[in-house]
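Asker: The structure that follows is given in the form of structure tokens.
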Amino acid sequence: MLSDYAPILVFLGICVAFGVGVQALSAAVGPRKPTPEKELPYESGIVPLESARRRFSVSFYVTAMLFIIFDVESIFLFPWATIVRDLKIFGLVEMGIFIATLFIALIYVWAKGALRWEF
Amino acid sequence: MLLATQNLQFPPTRDLIGLLPELILSGAFVILLMLDLVTPPSRRSLLAAVSLVALAAAMGAVVWGWFDADHARTIYAGSFAYDRFGRFVDGIVIASAALTVAISPDYLNRRGLHFGEYYALILAATVGMMLLAGAASLIVIFLGIELLSISLYILSGFAHTETRSQEAALKYLLLGGFASGILLYGMALIYGATGHTQLTLIKQSLAGSSGTDPLFLVGVGLLFVGFAFKVSAAPFHWWTPDVYQGAPTSVTTFMSVATKVAAFASLIRVFTYTFADSTDKWTGIVAFVAIISMVVGNVAALTQTSLKRMLAYSGIAQAGYILIGVAVSPDPLGTVGSLYYLAAYAATNLGAFAVITVLAGRGEDLDSYDGIRGLAYRRPYTAAAMAFFLFSLGGFPPTAGFFAKFLVFSAAIHAHAVYLALWGIGTSVISIFYYLRVGLLMYTRPKEGEETYPWARTSLAGGGVLAASAAGTLVLGILVFLIYTAAVSAQHGVLPVPQQLA
Amino acid sequence: MTQADILIYIAGALAVVSAAGVVMSSQPIYSALSLVGNMVSLAVLFLLLNAQFLAAVQVIVYAGAVMVLFVFIIALLSPGREDSPLRDRRALIGGAAIVYVTVQIFVLATNGTTYKKGLPTATCATIREAVPAYRLIQAGQPASCNPFPLHGNENAVPIAQANNSAAGLNGVLFFPDDVNRVGNVQVTGGQLFTTFVLPFEITSLLLLVAAVGAVYLTRRSPGRERAEQARASRRPPLPAPAGESLGPGVAASPKAPAATGEPESA
């Protein structure tokens, strides 16, 4: 049974090997002539305007929070979907209540303007 | 087809009846959220009216359920107990919520906090408390606690322009989250030791064992710590004074009463009735926490100069008295005493906080002792009500507090735990000092030209709530048998399977 | 030691090491990354314990969504380097004491009366012997080994009734092989909609309250702006220190300048 997961392990190995390999190759083969400009953080070729360590807007936090809430909702949908036929009308009703409650959450969040992006 | 082997058995539709009050309030919660979006700010008192209607309907369902739940049963595959014990506690919680909602519009308007979410969250917290009171499964207990706690975290920080309120919310959230973690860990260990989350099945699987499984005992210990935090028993009380002081007073009114009642109901159901076969393993700790709470609460309350903090410490001490009823398990008198105490505490403490809420003026919350100096000369009825509540908290006859203490202490003596009764009586004597101090301040004539706190005018709703609390305190102090009989009946029906009162 | 045992030890060790990394890192972002490692290790443990669905949920919800929130909060607060808690001797002693007590408890528990090793691979008969929870089945029911113990009700209900307690309880036995034969997600779903349908519905309420809280506590209501403006007008506005302007979302300044000026190049 455990051997079922062997492909994942192989995949993991390839990922790690590729990441490490590319870095090592670049370090070994690539020329290295550091200048002050090259040491700057990469910002699409433009000289960075300010430090990257500035505070983010609280909007990010609200968005992340709402993302979690609806992410959890989708997690509950998954086991329901696999046996939706066995659950018959009961499962449909229960899931309907669940989704309706979270739909209310969506309406509330929308109406309060939390989805509007303002800094 | 392999799926057919699952043989799913859905809960019967009649189980919905057992959740009727919760369903009504959940529906009202959702409707209020939607109504808030279309109600103009000046009409928000309508939302209070809608919540009151919903609470009244839920109360009706609870009263009907009291008679219907004569034969206790669990519903939803053992997740929820449909018994008189739960209905009894539901009644207290709903009444507290209704009284809180009634005093809220005036208070919130004066403080500039009148938002529709307030009522929705109060109802959500009420649903959480009712689920907690009836929960017969560890999972439902946890979800009930979380539902009420998250609602109250938000309500504590409801005044989002005030640093103190924000601080209260953050403290409550961090410490509450930590306590929830401990509670959940305890539940996990108990599940690991017994293999079940439903209390009835846990009780059955414990019946065969000696109850000395370390996994189980550690689980019980952690579970108790989690509950002790929620009922704010010492030494897990550190959040209480700060949160009670920082939160808007109407929120404190609700949370100081209803949370404690619901959490105690669950504590009794889990400890006294589920872990009934191993009482000798944990009653010692409960008694210890009870004594610590009585001593710490009463002694710390002596030195306070803030009304809310004084009542917070007084609440910690009251938690200690109620814990006596748990510590004398499996004596059924203990449960009856605790139930009676919970009802008395709800009426009295709600009244005391309601006085502070009703009097709070436009600026700062009424909080310092100086703020009530000379109250009796300007607001004689309000001051008389407050004095009456303080008398009840101190345990003087003929008030609710007296008989509550009497029942709990006599349960302790009945269970041969006289030392608990002695600690209780001793600390009650201490408590008289700080209750009297506040009472005397109200009746101190202010000096000539001295400015008093700008007390708000008591509205009709505010006066009604004070009258109702005072009436409740008086009824619990005089018509003792009314509630006592109900408490005995609630104890008889409690699930999982109770010990009968001799 | 079987393959699974070795993997359990590896994943367990990784979980402990990464958990230590969470509390001992000097930078919050490293703590967050250690937490990802911890959650993935736990997912592997769930997988080895035959809880495939839970493992997937662990990765999707915790290592995915919750970590996004954590990282955003770290960015929101942008805390600097913290003192390493290792330097505080009291914290070290306290931590060591907690670790010691926890280990002792679990050693005690493993040697205790009920917990026994080898549960996942054991046959149905040995499980019934090992776990006290299953003893009730033995007591009320002839100890025949049901090939599909997922018919849990048949076992548990008669005993519940015999004890004169509530009927309709689900005492469900799950043997890993049977679960996998039916399908792990399917069994989880089946339980979610029968035994645990009440907690499932309460969860939706909980999520709704959480959404309300997230929006209410972070939004800028008219009342808040008014109060902030009132406060700002009472005392002279502080000169904004150049270079480290607060994020306007958390700034305690009135909204007006934030709305008009300061083009935010994210």
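Asker: Among the candidates B:ALA193, B:ALA168, B:ALA188, B:ALA179, single out the residue that is buried (at least 24 other Cβ atoms within 10 Å of the Cβ) and more than 11 Å from chain C (Cβ to nearest Cβ).
Answerer: Selected residue: B:ALA168, the only one of B:ALA193, B:ALA168, B:ALA188, B:ALA179 that is buried (at least 24 other Cβ atoms within 10 Å of the Cβ) and more than 11 Å from chain C (Cβ to nearest Cβ).
Residues are listed down the side, and each one gets a yes or a no for (1) of a type in the set (Lys, Arg); (2) under 25 Å from B:ILE324 (Cα atoms); (3) surrounded by fewer than 24 Cβ atoms within 10 Å (Cβ to Cβ); (4) in contact (Cβ under 8 Å) with a residue 40 or more places away in the chain:
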| site | (1), (2), (3), (4) |
| --- | --- |
| B:LEU152 | no, no, no, yes |
| B:ARG164 | yes, no, yes, yes |
| B:LEU201 | no, no, no, yes |
| B:GLY226 | no, yes, no, yes |
| B:SER232 | no, yes, no, yes |
| B:TRP239 | no, yes, yes, yes |
| B:PHE254 | no, yes, no, yes |
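Asker: Looking only at the stretch A:61-105, which residues are of a type outside the set (Val, Ile, Thr), within 16 Å of B:PHE29 (Cβ to Cβ) and surrounded by fewer than 18 Cβ atoms within 10 Å (Cβ to Cβ)?
Answerer: A:ALA100, A:PHE103
Asker: In addition: Give me the pairs: first residue in the stretch B:107-118 and in contact (Cβ under 8 Å) with a residue 24 or more places away in the chain and under 14 Å from B:SER156 (Cβ atoms), second residue crowded, with 19+ Cβ neighbours inside 10 Å and of a type in the set (D, E, K, R), beta-carbon distance under 7 Å, and six or more apart or on different chains, which are they?
Answerer: As it stands, the answer is B:GLU117/B:ASP36, since those pairs meet every condition given.
Asker: Another question, then. (1) in contact with a strand residue (DSSP E or B) (Cβ under 9 Å, 6 or more places away or on another chain); (2) among the hydrophobic types (A, V, I, L, M, F, W, C); (3) closer than 28 Å to C:VAL103 by Cβ: which one isn't true of B:LEU199, the others all being true?
Answerer: Condition (3) is where B:LEU199 drops out.
Asker: Take residues that are within 7 Å of chain C (Cβ to nearest Cβ) and farther than 30 Å from B:ARG14 by Cα and tell me which of the helices (runs of 4 or more DSSP H) falling wholly in the stretch A:30-119 contain 1 or more.
Answerer: Per the criteria, A:58-82, A:84-111.
Asker: How do the pairs read when you match residues in the stretch C:1-18 that are within 14 Å of another protein chain (Cβ to nearest Cβ) with residues anywhere that are surrounded by 17 or more Cβ atoms within 10 Å (Cβ to Cβ) and among the acidic types (Asp, Glu), using Cβ under 9 Å and keeping only pairs 6 or more apart or on different chains?
Answerer: If the second residue must be surrounded by 17 or more Cβ atoms within 10 Å (Cβ to Cβ) and among the acidic types (Asp, Glu), no pairs are left.
Asker: Another one. So which helices (runs of 4 or more DSSP H) are wholly in the stretch B:1-94 and hold at least 3 residues that are more than 14 Å from chain C (Cβ to nearest Cβ) and more than 22 Å from the chain's Cα centre (by Cα)?
Answerer: B:45-68
Asker: Determine the pairs where a residue that is within 8 Å of chain C (Cβ to nearest Cβ), located within the stretch A:1-12, has a partner that is in a helix (DSSP H, G or I) and surrounded by 10 or more Cβ atoms within 10 Å (Cβ to Cβ) with Cβ atoms under 6 Å apart, the partner being 6 or more residues away or on another chain.
Answerer: Qualifying pairs under 6 Å: A:LEU2/C:GLN3; A:LEU2/C:ALA4.
Asker: Mind listing just one residue for me: the one in the stretch C:78-92 that is surrounded by fewer than 10 Cβ atoms within 10 Å (Cβ to Cβ) and at pLDDT 75 or above and, of those, nearest to the other protein chains (Cβ to nearest Cβ)?
Answerer: So the residue we want is C:ARG90.
Asker: Within the stretch B:426-471, restricting attention to residues that are small (Gly, Ala, Ser) and modelled with pLDDT under 85, which residue is nearest to the chain's Cα centre (by Cα)? Step through it out loud before you land on a result.
Answerer: Residues of the stretch B:426-471 that are small (Gly, Ala, Ser), as a first pass: B:426, B:428, B:431, B:439, B:449, B:456, B:459, B:461-464, B:467-471.
From the residues that got through so far, the ones that are modelled with pLDDT under 85 too are B:449, B:456.
Numbers: B:GLY449: 42, B:ALA456: 27 Å.
That would be B:ALA456.
Asker: Given the criteria in contact with a strand residue (DSSP E or B) (Cβ under 9 Å, 6 or more places away or on another chain) and in contact (Cβ under 8 Å) with a residue 12 or more places away in the chain, does B:THR357 qualify?
Answerer: No.
Asker: Could you tell me whether B:PRO454 is touching a helix residue (DSSP H, G or I) at 6+ places or on another chain (Cβ under 8 Å) and either loosely packed, with under 13 Cβ neighbours inside 10 Å or part of a loop (DSSP other than H, G, I, E, B) (or both)?
Answerer: No; evaluated as a whole, the condition is false for this residue.
Asker: Still on this structure, please answer the following. Give the stretch B:95-138 a look and list any residue that's away from every other protein chain (no Cβ under 14 Å) and surrounded by fewer than 24 Cβ atoms within 10 Å (Cβ to Cβ), or say none.
Answerer: Hits for the stretch B:95-138 are B:ALA95, B:ALA98, B:ALA102, B:PRO105, B:ASP106.
Asker: Are any residues in the stretch C:9-22 among the β-branched types (Val, Ile, Thr) and either exposed (fewer than 14 other Cβ atoms within 10 Å of the Cβ) or within 12 Å of C:LEU42 (Cα to Cα) (or both), and if so, which ones?
Answerer: C:ILE10, C:VAL16, C:VAL17
Asker: Report those helices (runs of 4 or more DSSP H) wholly inside the stretch B:343-433 carrying at least 3 residues which are surrounded by fewer than 20 Cβ atoms within 10 Å (Cβ to Cβ).
Answerer: By residue number, B:380-394, B:400-414.
Asker: Continuing with this model, one more query. So is B:PHE236 among the hydrophobic types (A, V, I, L, M, F, W, C), more than 10 Å from chain C (Cβ to nearest Cβ) and either closer than 23 Å to B:VAL494 by Cα or assigned to a loop (DSSP other than H, G, I, E, B) (or both) or not?
Answerer: In short, yes.
Asker: Another question about this same structure. State yes or no: is C:ALA4 modelled with pLDDT under 90 and within 18 Å of the chain's Cα centre (by Cα)? Outline the logic, then answer.
Answerer: Numbers: modelled with pLDDT under 90: yes; within 18 Å of the chain's Cα centre (by Cα): no.
In short, no.
Asker: Still on this structure, please answer the following. Of the residues that make up the stretch A:7-16, is at least one touching a Ser or Thr at 6+ places or on another chain (Cβ under 8 Å), more than 30 Å from C:GLN191 (Cα to Cα) and at pLDDT 80 or above?
Answerer: Step one: of the stretch A:7-16, the residues touching a Ser or Thr at 6+ places or on another chain (Cβ under 8 Å) are none.
Among the residues of the stretch A:7-16, not one is touching a Ser or Thr at 6+ places or on another chain (Cβ under 8 Å), more than 30 Å from C:GLN191 (Cα to Cα) and at pLDDT 80 or above, which makes the answer no.
Per-residue answers, yes or no, for (1) buried (at least 18 other Cβ atoms within 10 Å of the Cβ); (2) at pLDDT below 85; (3) in contact with a Cys (Cβ under 8 Å, 6 or more places away or on another chain); (4) assigned to a helix (DSSP H, G or I):
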| site | (1), (2), (3), (4) |
| --- | --- |
| C:VAL40 | yes, no, no, yes |
| C:LEU47 | yes, no, no, yes |
| C:LEU76 | yes, yes, no, yes |
| C:GLY95 | no, yes, no, yes |
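Asker: If I ask for residues that are β-branched (Val, Ile, Thr), surrounded by fewer than 17 Cβ atoms within 10 Å (Cβ to Cβ) and within 24 Å of A:VAL109 (Cβ to Cβ), which ones from the stretch B:16-53 would you list?
Answerer: B:VAL38, B:THR39
Asker: Does A:GLU43 count as among the acidic types (Asp, Glu), surrounded by 10 or more Cβ atoms within 10 Å (Cβ to Cβ) and at pLDDT below 80?
Answerer: Yes.
Asker: If only one of C:VAL71, C:VAL103, C:VAL59 is within 9 Å of another protein chain (Cβ to nearest Cβ) and at pLDDT 75 or above, which one is it?
Answerer: Of the residues listed, the single one that is within 9 Å of another protein chain (Cβ to nearest Cβ) and at pLDDT 75 or above is C:VAL71.
The values are calculated or read from the model by the stated rules, or taken from the named source; none is laboratory data. Model, not experiment: these values are computed from the prediction. Every residue, glycine as well, gets a Cβ built from its backbone with ideal geometry; the counts of neighbours run over all protein chains shown.
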